[in-house]
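Trainee: Before anything else, here's the structure in question.
The values are calculated or read from the model by the stated rules, or taken from the named source; none is laboratory data. Small disclaimer: the values here were computed from a predicted structure and weren't measured. So basically every Cβ, Gly included, is an ideal-geometry build from the backbone, and we count neighbours across all protein chains shown. Surface accessibility is based on the protein's heavy atoms, side chains included, excluding ligands, DNA and RNA. Shrake-Rupley method; radii C 1.70, N 1.55, O 1.52, S 1.80 Å.
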Amino acid sequence: MTQSQRVFLVDGARTPFLKARGTPGPFTPVDLAVQCGRPLLARQPFDRTALDLVILGCVNVMADEANPARVAALRLGLGERMVAFNMQINCGSGMQSIDTAYRYIRSGSHDMILAGGAEALSHTPLILRQSAAEWLGRLNSARSPVDKVRAMSGLRPEFFKPVIGLERGLTDPITDLGMGQTAEILAHRFDIDRETADTYAMQSHHRLAQAQKDGTLNGEVLSAFGPDGTVYDHDDGVRPDSDMQGMAKPKPVFEKPYGKVTAANSSQITDGASWVIVASQKAVDLHGLEPLAEITDSEWAGLDPAVMGLGPVMASTPIAQRHGFDINDIDLWELNEAFAVQVLACVAAWADDGFCREVLGYDAAFGRIDRDKLNVDGGAISLGHPVGTSGNRIVLHLANAMKKRGATRGIATECIGGGLGGAMLLEAVR
Ligand SMILES: CC(=O)SCCNC(=O)CCNC(=O)[C@H](O)C(C)(C)COP(=O)(O)OP(=O)(O)OC[C@H]1O[C@@H](n2cnc3c(N)ncnc32)[C@H](O)[C@@H]1OP(=O)(O)O
């Protein structure tokens, strides 16, 4: 593909990720997007009118926030002329917003785009079953008191059992497998044991705790302010004291009793939003911006929904092949931690000679990703996975981590429920 215009990630910020604790959290998706969007825009040297477009990934859109991108844009004061649209490809939504911005700017049609992801899984709308909808329809259309009483008498307790609740988007509609069940398939396929998964997950907590302690996330995570005055200033799902004894305690959730996936080695259900500002060379020069990284490639891939967790392998490999990269050419990986066994399955697939030959078209194994280059500051297991946001967060964090570590090249990649994978290549600005 020809790269007509260079595309830069100039800045970005996110809210703290807040664990969904069974009741709706303090913020809707748009609230979250506004909470981090406002200070992000306030710290820019350019006027808000310099933005051409707003794109926001959101899976679970609230009924009263239809097209949350537009609602957020207006609440951010971007003006009635700002075009804004929502993206929805499950866990890929927040990365899809950046990729769309990247492609628009590369083509020369736009110069500066605000691209984000926002999700409040604690607010997931409940959807009632068809029989309940039919009953409500009969009640609404009943005219006489007798008809109304007759309709009322058709009320059944099961009407109140939602078809889709908190698990919305977490069950594949084709295979009817929960995301955790797809992870179990990968654990079995790549022979990943519980201890290895728990070790990986424990490291995720320790890395995030360290990053919080040493200020690595300063500027990337911006405080959110609740309606009651509460200040939310850190990812609250982190368990800094995680140890192997504690990790071993939770029982398998998705395949009882012998499965490997537990509450401790799964991503957490969370609320959070993230934005990045994507800009052309022209915008960078005009406003004197200092980009964090250059976006140089991206890829999407489809695969069997039952093994959707291999999406990162299927999407990142074509990028590596296009550019002739071997495993040592990638300095940092942000591979979304949907489940520890799923991340480890991706690592194992790239290290597997047979898989690389038969599925990826290599002559030998691509190689084993060094854990020191992978999710260096924790991931969705420790900080949570607001599904429409995570793809945005991993690209933003990769850009910051590359800059901080002086890295040349990094890949942000994720699996996507329904059998997709997404990947984005970032390079240091030269
Ligand atoms: C394409 C994709 O990205 S697919 C991925 C999409 N996302 C998903 O599928 C979400 C996956 N995650 C889940 O469904 C949920 O997190 C579940 C069902 C696994 C667990 O949910 P919950 O039971 O609410 O988990 P929770 O985090 O509260 O932990 C439950 C218990 O496990 C134990 N536990 C959890 N983490 C740890 C840890 N690090 N160390 C020790 N014990 C732990 C604790 O006893 C905890 O209870 P406590 O909070 O009272 O101490």
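Trainee: The conditions are (1) of a type in the set (S, T, N, Q); (2) within 16 Å of the ligand (Cβ to nearest atom); (3) at pLDDT 95 or above, and S107 fails exactly one of them. Which is it?
Mentor: Tallying (1) of a type in the set (S, T, N, Q); (2) within 16 Å of the ligand (Cβ to nearest atom); (3) at pLDDT 95 or above, S107 fails exactly one: (2).
Trainee: Could you list, in sequence order, all residues of the range 408-418 that are open to solvent by less than 10 Å² (accessible area, probe 1.4 Å) and away from the ligand (no atom under 16 Å from the Cβ)?
Mentor: Within the range 408-418, G410, I411 qualify.
Trainee: Same structure again: Could you please tell me which pairs satisfy a Cβ distance under 9 Å, a separation of 6+ or placement on different chains, a first residue in the range 198-214 that is within 9 Å of P240 (Cβ to Cβ), and a second residue that is basic (K, R)?
Mentor: H205/R239; A209/R239
Trainee: Quick one: how many residues across the range 215-243 are touching a residue at least 40 places away in the same chain (Cβ under 8 Å), within 11 Å of the ligand (Cβ to nearest atom) and open to solvent by 60 Å² or more (accessible area, probe 1.4 Å)?
Mentor: 2
Trainee: Could we say that K256 is modelled with pLDDT of 95 or more, open to solvent by 10 Å² or more (accessible area, probe 1.4 Å) and more than 11 Å from the ligand (Cβ to nearest atom) here?
Mentor: Details: modelled with pLDDT of 95 or more: no; open to solvent by 10 Å² or more (accessible area, probe 1.4 Å): yes; more than 11 Å from the ligand (Cβ to nearest atom): yes.
The answer is no for K256.
Trainee: Tell me which residues, restricted to the range 269-310, are open to solvent by 20 Å² or more (accessible area, probe 1.4 Å) and either of a type in the set (F, W, Y) or assigned to a strand (DSSP E or B) (or both).
Mentor: Listed by number, the residues that qualify are T296, E299, W300, G302.
Trainee: A further question on this structure: From the list L310, L303, pick out the single residue that is within 13 Å of the ligand (Cβ to nearest atom), within 16 Å of the chain's Cα centre (by Cα) and within 30 Å of A349 (Cα to Cα).
Mentor: Just one listed residue meets the conditions, L310.
Trainee: Shifting gears a bit: When you scan the range 380-395, do you find a residue that is under 22 Å from D235 (Cα atoms) and surrounded by fewer than 24 Cβ atoms within 10 Å (Cβ to Cβ), even just one?
Mentor: The first filter runs over the range 380-395 and keeps only residues under 22 Å from D235 (Cα atoms), leaving 380-395.
Within this subset, residues satisfying the condition of being surrounded by fewer than 24 Cβ atoms within 10 Å (Cβ to Cβ) are none.
The answer is no, given that none of the residues of the range 380-395 is under 22 Å from D235 (Cα atoms) and surrounded by fewer than 24 Cβ atoms within 10 Å (Cβ to Cβ).
Trainee: Next question, about the same structure. Can you tell me how many residues within the range 320-365 are loosely packed, with under 15 Cβ neighbours inside 10 Å and outside any loop (DSSP other than H, G, I, E, B)?
Mentor: 9
Trainee: Where in the range 27-128 are the helices (runs of 4 or more DSSP H), entirely inside, with at least 2 residues that are more than 25 Å from D235 (Cα to Cα)?
Mentor: Passing ranges, in order: 68-75, 93-107.
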